[in-house]
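All remarks here apply to the structure that follows.
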Amino acid sequence: MTMPPPAAPRAILFDLDGTLADTAPDLAAAVNLLRSTRGLAPTAYEILRPTASAGARGMIGASFGLTPDDDGYLALRDEFFSNYEAAIAVHSRLFDGIPELLAGIEAAGLQWGVVTNKSKRFTDPLLPQIGLGHAACAISGDTTAHAKPHPAPVLEAASRLKLAPEQCWYVGDDLRDIQAGKAANMLTIACSWGYCGATAPESWQADYLFRQPAELLALMQAALAGDALAA
């Protein structure tokens with residue numbers, strides 16, 4: 001039996017890395033520059049890409065086998081940040097279908113925003129360079145006292161848009177995105193076109209799991225149509 005569409009949102013909020021944008025190439029380049037300056041061979045992109053949503057922690061962990069508690073990690077992290085900041089949008093781009101999705105959201109009269117664990121130091125210069133500078137809000141990992149999976153960042157986004165959390169959908173490619181959205185009482189959507197990390201998105205218990213942005217646009221349009229018929 002076909003399930004009825006959910007209630008229509010007033011805004012759709014998105015994670016950034018692996019959800020709206022494929023930023024892994026520039027993140028990988030930043031960590032491989034660490035290796036080349038130390039006379040080490042580059043880490044294969046296929047190894048680095050799945051960890052991209054975890055930023056410096058994921059890249060350095062995959063490339064050097066270090067965690068934030070290990071000696072030498074902080075120095076590598078700071079150098080990684082400098083490398084990334086200097087070449088933040090060389091190869092990063094929006095995923096196929098994202099421009100059409102965002103245009104569809106805007107055409108429907110809804111808002112969209114970004115909620116990322118990326119530091120404001122990187123979020124603010126990156127967004128306009130990849131075509132996301134007109135987001136209705138942009139919440140970074142250091143905007144609130146807590147990063148995802150804590151709900152504080154997505155709740156802050158709803159507050160800035162002057163909406164109740166229940167009026168927002170949250171979309172992400174990592175388990176912590178779904179955990180944050182659920183804790184904020186938002187409808188959650190996992191996107192398997194992203195990096196997805198170490199666990200299969202089927203196990204995250206998101207309300208929906210989509211393989212391409214067009215599926216999300218179709219759900220939004222069905223939800224809006226359903227609300228219009230019920231009015």
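List the residues whose amide H sits under 5 Å from the amide H of L66, counting only those 5 or more places along or on another chain, with H placed 1.01 Å from N in the peptide plane. The list, which skips near neighbours in sequence, is G61.
By how many nm would the segment from R38 to S159 grow when fully extended, if each residue of separation counts as 0.36 nm and the alpha-carbon distance is taken off?
Numbers: separation 121, 0.36 × 121 = 43.56 nm, distance 4.56 nm.
Extra length available between R38 and S159 comes to 39.0 nm.
Hey, what did the chain get for relative contact order, percent, Cα under 8 Å, at least 6 apart?
25 percent
Dipole check for the chain: with +1 at the C-beta of Lys and Arg, -1 at the C-beta of Asp and Glu, and the Cα centre as origin, the magnitude is about 220 Debye. Working from Cα pairs under 8 Å separated by at least six residues, relative contact order for segment 59-179 is 17 percent. What is the set of long-range amide H partners of A21 at a cut-off below 5 Å, with H atoms built 1.01 Å from backbone N? For A21, whose amide H was placed from the backbone, the distant partners under 5 Å are F95.
Pairwise Cα distances in segment 113-231 exceed 18 Å for 55 percent of all pairs.
Taken along the Cα-to-beta-carbon direction at a fixed 7 Å, the label points for A214 and Q129 span 3.1 nm.
State whether segment 1-120 is rounded, prolate or oblate according to the following rule on the C-alpha gyration tensor (a ≥ b ≥ c being the square roots of its eigenvalues): a/c under 1.5 gives rounded; otherwise a/b larger than b/c gives prolate, and the remaining case gives oblate.
Numbers: a/c = 2.60, a/b = 2.37, b/c = 1.10.
Note, shape of segment 1-120 comes out prolate.
Pair-distance distribution P(r) for the chain, from all Cα-Cα distances in 5 Å bins starting at 0: 1, 7, 15, 19, 20, 16, 10, 6, 4, 2, 1, 0, 0, 0 percent.
Within the shell defined by Cβ-Cβ distances under 14 Å, the residues around F95 carry a net charge of -4, with Lys and Arg each +1 and Asp and Glu each -1.
Read the figures in this text as sums done on the coordinates, not as results from a lab. The model shown is predicted, which means the values in this text are computed figures rather than measured ones. Neighbour counts run over all protein chains shown; Cβ positions are idealised from the backbone, glycine included.
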